[in-house]
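Input: a single structure, listed below in structure tokens.
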Amino acid sequence: MQKIIRVLPVCFFIFLFFQIDVYAKEEPLSSFSLDVTNDRKTDYTISLLGWPQTVPPVIHTVNYPHASYTYYRYQSNKRTFELVLARINNGDVLYFAKQDPTTRRATVSVQIQASDTSTVSASILREKKWERIKLPASASTPFYVQGSSLAYRIGSVTSCTPLGYSTFAEKRAKRPSVAIEKSAQSITYTVPLPAEKNISASTWGILAGQPLLAFENKDAARAAAAIEFDTIRKLDVDGSYSRTPDATYEPYTSTSFYLNPANLEGLQAVQYLDKSYGSLFYDIATHLAYSAIRNQNEYGYWPTQPRSSGWLYEDYKIGFAYMDNRRNADNATFLLRYAHFTKDDAVWACLQKWDHYHTWYMNTYSLKTGKEGWLIPDYVDEQGHLSHTSLNHQVANLNYLLESYVYTQNSAKKQQAITLLRGIEDTKARWVMPNHNLYYALSQNLHPLPQRDYLELTRNDLLLSQYLLNRATGTKSTDIQWLITEKNKWLATR
């Protein structure tokens, strides 16, 4: 991928927007006081119990426009523990704690003490709905507490085996419970993180001085349930992890998760950044936005690390760390909406780096369908191996370019969008099955592949295209509408 060198200088722009400080503390540090209400009183105390109490940490701080991350790394006798405190500019603090695999079993406990004992409500997610509860003596699932002055999320423990390629296998049988103790002065939550050979343990949560979630708002409660990180997705300091799709992925187990560059949870959260929904969504979106900055590779895209060995590798020789343009377009769309809402220069710089790569990728790999039309391959790896073009991928990239033009009025984005639109219009008849359903993809010689389209995903993408086309150009596409109509005919027969 020699031409990729053209996009590398853009990466230096990002460093203009945040500062990095690294230093080693000479004395042990195992207790952290947090004032999230700005009244010069301690609202929360985080204490580390176990071997880190006697170990001076290496401290690493990264400052972004809307958050500051401080990493406390402890190492002793082949043991490693890290606590990360992410201070969001709205006053909330996200904490991430993890003990890496050890040669001998060792437990580090994270103790969180909240000074507000007047618990107004506590909620736990059960069967996709929030249920009010009384604080028990222990809990093995995440829960939210709202007091008179403080609100917080206490997370469960994820025990797992690292598999490589940003993938881990969860060991749910080894998940310990969080102990809860209430006194006259505080409520204390003790989260044990036991590690052993090949098994790490981690947890995360949010500590706030304002409502995290407006449970009385049905939209907010529903959205929070949809993005809760516990059973089918996980949140870590480096981003969002999804269940590995199927056994054709490598590495894979029935309980494995992989770092998903799509940031679909960010796309959901960014719809609810208004304070009336609670600060949870802003906190999650901000963390995922800065995780995306850190995860962006030197070329400008976000790789999917595990290999699709049973499909992409067998059919197209696409290996590990490949570029999936749907996952990248979803992530870029999330970042675009976040940057538009927050005016965050670091995220805009990250998007500029993606745009340079995206332009290069389209110019290099697109399949010409006519005078103006292009189809872009869904997947490509660093060796330049290419795949088919699926309609939902093509449309997601079209929509990102249209939305980018709507926000920025960058004429280059509009022109790129038109080339992808023409690619769909030039091949419209090839996408429709005899029963009115849509084919999933066209091969590199423009023959329909036998797989059928998703149930509603692509149709919904096409509806968004019509909306964005109308905003960007003042007109809709009759060919896009024809594809929508055909798909709706098939849906009507189900």
Distance in nm between pseudo-label sites at residue 135 and residue 198 (7 Å out along the Cβ direction from Cα): 3.9
Translational diffusion of region 268-324, µm² s⁻¹ [Kirkwood Rh, Cα pairs; Stokes-Einstein; 20 °C; 1.002 mPa s]: 157
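So for each of 101-112, 337-348, 133-144 I average, over its residues, the number of other beta carbons within 10 Å; can you give me the resulting order with the highest mean first? Kindly include the intermediate steps, with their values, before the conclusion.
Details: 101-112: 18.2, 337-348: 19.7, 133-144: 15.6.
For the peptides 101-112, 337-348, 133-144, the packing ranking is 337-348, 101-112, 133-144.
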Could you give me the percent of Cα pairs per 20 Å distance bin for the chain, shortest bin first, beginning at zero and ending with the bin that holds the maximum distance? 22, 53, 23, 2
Distance histogram for region 30-217 (every C-alpha pair counted, 5 angstrom bins, percent rounded to whole numbers): 1, 8, 16, 19, 20, 17, 12, 6, 2, 0
The answer for residue 102, listing residues at least 5 apart or on another chain whose modeled amide H is closer than 5 Å to its amide H, is 196, 197, 198, 199
Probe 1.4 Å, protein heavy atoms only - accessible area per residue of region 94-185 in square angstrom: 49
Extending each Cα 7 Å along its Cβ direction at residue 359 and residue 232, get the distance between those two points in nm, one decimal. 3.9
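Which semi-axis lengths, in whole Å and largest first, follow from the square roots of five times the eigenvalues of the Cα gyration tensor of region 383-463?
Details: eigenvalues 115, 46, 25 Å².
Each semi-axis is √(5λ); the values are 24, 15, 11 Å.
On full extension of the chain, what length is gained from residue 317 through residue 181, given 0.36 nm per residue of separation minus the C-alpha to C-alpha distance? Kindly include the intermediate steps, with their values, before the conclusion.
Values: separation 136, 0.36 × 136 = 48.96 nm, distance 5.51 nm.
Computed gain between residue 317 and residue 181 is 43.5 nm.
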Can you give the Kirkwood hydrodynamic radius for region 362-421, in Å, rounded to one decimal and based on Cα pairs? 12.0
Nearest 10 degrees, 0 to 90: what angle lies between the long axis of helix 411-426 and the longest principal axis of the chain (Cα atoms)? 60
For the chain, find the longest principal axis of its Cα atoms and tell me its angle to the long axis of helix 280-295, 0 to 90°, nearest 10. 70
Per the helix-only model, the chain has a calculated mean residue ellipticity at 222 nm (DSSP H runs of ≥4, -39500 (n - 2.57) each, divided over all residues, rounded to the nearest 500) of -9500 deg cm²/dmol
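Order these peptides, 420-430, 117-127, 325-335, by their mean beta-carbon neighbour count within 10 angstrom, highest first.
Numbers: 420-430: 19.6, 117-127: 14.1, 325-335: 24.8.
Sorting 420-430, 117-127, 325-335 by mean packing, highest first, produces 325-335, 420-430, 117-127.
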Give the Cα extents of region 292-492 along the principal axes, in whole Å, largest first. 48, 44, 33
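Leaving ligands, DNA and RNA out of it, report the carbon-plus-sulfur percent of the accessible area of the chain at a 1.4 Å probe. Write out the running numbers ahead of the final one.
Numbers: 10350 of 21120 Å².
Here carbon and sulfur together make up 49 percent of the probe-accessible area.
What's the ranking of 385-394, 40-49 by average number of surrounding C-beta atoms within 10 Å, highest first?
Numbers: 385-394: 23.5, 40-49: 16.6.
Those peptides, ordered most packed to least, come out 385-394, 40-49.
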Tilt, helix 457-473 to longest principal axis of the chain (alpha-carbon atoms), in degrees rounded to tens, equals 80
For region 48-90 and region 236-272, write down the distance between their C-alpha centroids in whole Å. 24
Work out the FRET efficiency for residue 445 and residue 255 from their Cβ-Cβ distance, taking R0 = 56 Å, and round it to the nearest 0.05. 0.90
To the nearest Å, what is the center-to-center distance of region 361-421 and region 303-357, using C-alpha atoms only? 13
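The values are calculated or read from the model by the stated rules, or taken from the named source; none is laboratory data. Please read all numbers here as calculations on a predicted model, not as lab measurements. Please note: Cβ atoms are built from the backbone with ideal geometry, for glycine as well, and neighbour counts cover all protein chains shown. Accessible surface is based on the protein model in full, side chains and every heavy atom, while ligands, DNA and RNA are left aside. Shrake-Rupley method; radii C 1.70, N 1.55, O 1.52, S 1.80 Å.
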